[in-house]
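Notes to accompany the following structure.
Read the figures in this text as sums done on the coordinates, not as results from a lab. The shown structure was predicted, so the numbers you read here are calculated from the model rather than taken from an experiment. Positions of Cβ are generated from backbone atoms using ideal geometry, with glycine treated the same way; all protein chains shown enter the neighbour counts.
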Amino acid sequence: MTNEDSVDPGLARVVADADVLAADLLVGGDARDAIDIVRAHSWVTLVAGEPLLADAQAVIAELADPGLASDWRGTVETLVTLVDHAPEDHPALAAAAAGDARHILSLDPNLRSAAAGSAIRSRVETSVKHPAAFARLFDPAAVYPVAIGGAYPGPDRDPRE
């Protein structure tokens with residue numbers, strides 16, 4: 001699919017909830033595997049709002065230390081596309097709506113429940129996934145032609161840099 005009218009860039013836009021962002025840094029595992037997909041592909045966009053980044057920074061400061069949290073914040077801001085939304089809205093859901101992101105990664109089982117999914121999809125075209133599910137199901141080679149158009153070029157960044 002190369003017709004620009006048929007591409008859907010929202011398919012390549014991802015929101016990682018604060019718990020996933022903190023786990024990516026502090027734990028690794030499923031959260032890191034999922035975020036590494038974003039880091040390895042310049043055309044996959046990590047979307048966040050200020051409240052989401054502030055939440056993640058606070059979690060990292062509490063679980064590790066404020067210096068690491070501050071350093072993380074400076075680094076993550078170079079990776080994310082910041083969107084504006086009302087501060088009282090749920091940070092991940094609001095970022096997905098404002099940033100046209102089709103994927104939300106969260107460790108919160110309540111957010112990933114069927115009831116929550118139905119309620120969310122009635123307002124926003126997105127789905128909430130556990131990071132392990134995203135890492136297992138998100139196929140960059142299949143998404144690229146639909147989200148961007150053209151032939152999949154492969155990963156174009158080192159996720160560890």
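The table below gives the values:
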item	result
Cα-projected label distance for Arg160 with Ser42, points at 7 Å along beta-carbon direction, nm	2.1
Dimensions in Å of segment 71-161 - Rg and Dmax from alpha carbons	14.9, 41
The chain - mean residue ellipticity at 222 nm from DSSP helices (-39,500 (n - 2.57) per run, n ≥ 4, rounded to 500)	-14000 deg cm²/dmol
Calculated FRET efficiency for the pair Thr78/Tyr152, C-beta based, R₀ 22 Å, to 0.05	0.35
Segment 67-108-segment 116-148 distance, computed between alpha-carbon centres (Å)	16
Order of Ser42, Ser122 - criterion: other Cβ atoms within 10 Å of each residue's Cβ, fewest first	Ser122, Ser42
Neighbour net charge for Thr78 - beta-carbon separation under 13 angstrom, K R +1, D E -1	0
Semi-axis lengths, Å, segment 18-139, gyration tensor of Cα atoms, sqrt of 5 times eigenvalues	21, 16, 14
Virtual paramagnetic centre 7 Å along Cα→Cβ of His90, amide N under 20 Å, in segment 121-160	121-135
Footprinting exposure proxy for Val27, Val20, Val83 (fewest neighbouring C-beta atoms within 10 Å first)	Val27, Val83, Val20
